[in-house]
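The values are calculated or read from the model by the stated rules, or taken from the named source; none is laboratory data. What you see is a predicted model, and the numbers here were worked out from it, not measured in a lab. Neighbour counts are summed over all protein chains in view; Cβ atoms, including those assigned to glycine, are modelled from backbone coordinates with ideal geometry.
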């Protein structure tokens with residue numbers, strides 16, 4: 001039992017590195033680094049300089065800085081593209097009078113990650129310009145949208161985006177750069193950090209608390225001149241409301257150095273053991289069809305897809321996923337497609353074999369409930385659920401009595 005367990009309720013996370021679940025389990029060496037700095041005063045700009053050197057070494061960018069999260073990184077990065085390192089312009093935002101203020105984005109990249117990506121670009125005052133359709137965009141459309149008022153082009157790498165028919169990052173960057181337009185990449189959940197700079201990102205925004213397993217934070221890496229502008233916004237402009245503390249910066253520094261040393265092959269072998277355990281444990285469960293799916297954006301992980309046949313199970317994938325949340329401790333699966341496509345996924349990244357066995361036992365227990373017990377589950381849940389409406393309903397009245 002954790003000594004601070006009175007402050008929280010544990011969740012078994014087979015969903016992935018999700019912000020809504022606390023993102024990741026922070027390793028002890030990162031916790032130790034954060035604890036070491038907490039009692040002391042430091043020069044925050046000097047600390048950012050030290051972080052920049054580590055970011056350069058691990059990610060391969062010219063420079064970098066630490067901010068509160070990837071979402072704040074997008075807002076600050078867009079702001080930097082509009083103002084450069086001109087303090088008068090930094091202080092002027094979100095008023096963009098006299099500044100380049102248009103940010104181009106492919107329509108298929110306008111996704112919701114807990115908030116809207118375009119909203120993050122609008123925070124510093126930018127006007128978002130869409131190109132293409134949801135499932136189709138071409139370089140000619142990007143070129144046609146660039147004008148004298150274009151400040152940046154924003155590219156999103158995420159499992160939420162459309163995965164076909166859009167402009168690939170390298171080509172997107174080539175077109176933007178031909179017109180002197182910097183490219184800002186949102187790569188919050190991506191573990192292949194160095195590849196984005198190599199493919200043309202002028203600024204890339206990465207989560208410090210997902211695959212890196214650091215504290216809640218974001219990394220902005222890229223061109224030295226734009227990173228200098230980012231730091232001005234972080235401490236003296238719109239990013240002041242998104243600043244990160246000394247423990248956050250040191251935590252990311254330690255997480256980056258740990259990532260560099262990590263035996264990634266060993267980590268993947270451990271994850272594959274869990275995937276195999278899930279496959280073996282569910283293969284003979286009536287009404288559950290299990291298979292393995294690779295990560296859609298190329299992260300080196302595989303997840304188990306659990307397709308639910310409601311006529312056999314007596315529950316939909318949504319209902320099964322929701323009932324797993326009622327377990328003790330709650331089990332949260334990766335259920336993005338549960339309502340519409342009747343399947344969920346089991347992510348191996350944040351559990352061990354003991355937790356995997358617990359997940360298997362609870363899935364089998366729920367599938368094996370009586371017809372009367374399953375009717376009670378039906379009665380508790382909406383008949384025509386919608387993710388957006390369910391979110392709003394879950395937040396209404398959240399303040400405790």
Point to revise | Residue check for residue 320: touching a strand residue (DSSP E or B) at 6+ places or on another chain (Cβ under 9 Å), part of a loop (DSSP other than H, G, I, E, B) and within 12 Å of residue 381 (Cβ to Cβ) | key: no
Study note, to complete from the structure: Exactly one of 186, 148 is loosely packed, with under 14 Cβ neighbours inside 10 Å and closer than 16 Å to residue 104 by Cα, and that one is 148
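Here is a yes/no grid of residues against (1) surrounded by 15 or more Cβ atoms within 10 Å (Cβ to Cβ); (2) free of Cβ contacts under 8 Å to residues at least 60 places away in the same chain; (3) assigned by TED's automatic domain parsing to the domain that holds residue 243:
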| position | (1), (2), (3) |
| --- | --- |
| 7 | no, yes, no |
| 16 | yes, no, no |
| 19 | yes, no, no |
| 37 | yes, no, yes |
| 44 | yes, no, yes |
| 62 | yes, no, yes |
Study note, to complete from the structure: Expected single match for more than 22 Å from residue 301 (Cα to Cα), in contact with a helix residue (DSSP H, G or I) (Cβ under 7 Å, 6 or more places away or on another chain) and either in the same structural domain as residue 298 (by TED's automatic domain parsing) or not in a helix (DSSP H, G or I) (or both) among 220, 206 is 220
Practice item. Would you mind telling me which numbered condition in (1) assigned by TED's automatic domain parsing to the domain that holds residue 329; (2) outside any helix (DSSP H, G or I); (3) exposed (fewer than 11 other Cβ atoms within 10 Å of the Cβ) residue 401 fails? Key: (1)
Exercise for review: Determine whether residue 277 is surrounded by 14 or more Cβ atoms within 10 Å (Cβ to Cβ) and part of a helix (DSSP H, G or I).
Suggested key: yes
Revision key, fill the gap. Per the filter on the stretch 239-274, residues surrounded by fewer than 16 Cβ atoms within 10 Å (Cβ to Cβ), touching a helix residue (DSSP H, G or I) at 6+ places or on another chain (Cβ under 8 Å) and closer than 30 Å to residue 75 by Cβ are 240, 243, 260
Review point. Of all the residues that make up the stretch 79-116, how many are surrounded by fewer than 16 Cβ atoms within 10 Å (Cβ to Cβ) and either assigned to a helix (DSSP H, G or I) or not assigned by TED's automatic domain parsing to the domain that holds residue 241 (or both)?
Key: 3
Study note, to complete from the structure: Per the filter on the stretch 285-299, residues out of contact with any strand residue (DSSP E or B) (no Cβ under 8 Å at 6 or more places or on another chain) and more than 15 Å from residue 348 (Cα to Cα) are 285, 286, 296, 297, 298
Study note, to complete from the structure: Only one of (1) over 21 Å from the mean Cα position of the chain (by Cα); (2) modelled with pLDDT of 95 or more does not apply to residue 265, and that is (2)
Review point. Taking the stretch 308-335 as the search range and keeping residues that are surrounded by fewer than 17 Cβ atoms within 10 Å (Cβ to Cβ), in contact (Cβ under 8 Å) with a residue 24 or more places away in the chain and over 16 Å from residue 285 (Cα atoms), which one is farthest from the chain's Cα centre (by Cα)?
Key: 329
**Study point:** Condition met for residue 339 (free of Cβ contacts under 8 Å to residues at least 60 places away in the same chain, in contact with a helix residue (DSSP H, G or I) (Cβ under 6 Å, 6 or more places away or on another chain) and either more than 19 Å from residue 285 (Cα to Cα) or not in a strand (DSSP E or B) (or both))
**Key:** yes
Point to revise | Conditions (1) touching a helix residue (DSSP H, G or I) at 6+ places or on another chain (Cβ under 8 Å); (2) surrounded by 16 or more Cβ atoms within 10 Å (Cβ to Cβ): number failed by residue 299 | key: (1)
Practice item. Assess whether residue 167 counts as being crowded, with 22+ Cβ neighbours inside 10 Å, in contact with a strand residue (DSSP E or B) (Cβ under 6 Å, 6 or more places away or on another chain) and in contact (Cβ under 8 Å) with a residue 40 or more places away in the chain. Key: no
Check your understanding: Using beta carbons and a limit of 7 Å, which pairs, at least six apart or on different chains, have the first residue in the stretch 74-100 and without any contact (Cβ under 8 Å) to a residue 24 or more places away in the chain and the second one part of a helix (DSSP H, G or I)?
Key -> 89/83
Check your understanding: Name the residues in the stretch 336-355 that are under 21 Å from residue 25 (Cα atoms) and surrounded by fewer than 16 Cβ atoms within 10 Å (Cβ to Cβ), would you?
Key -> 352, 353, 354
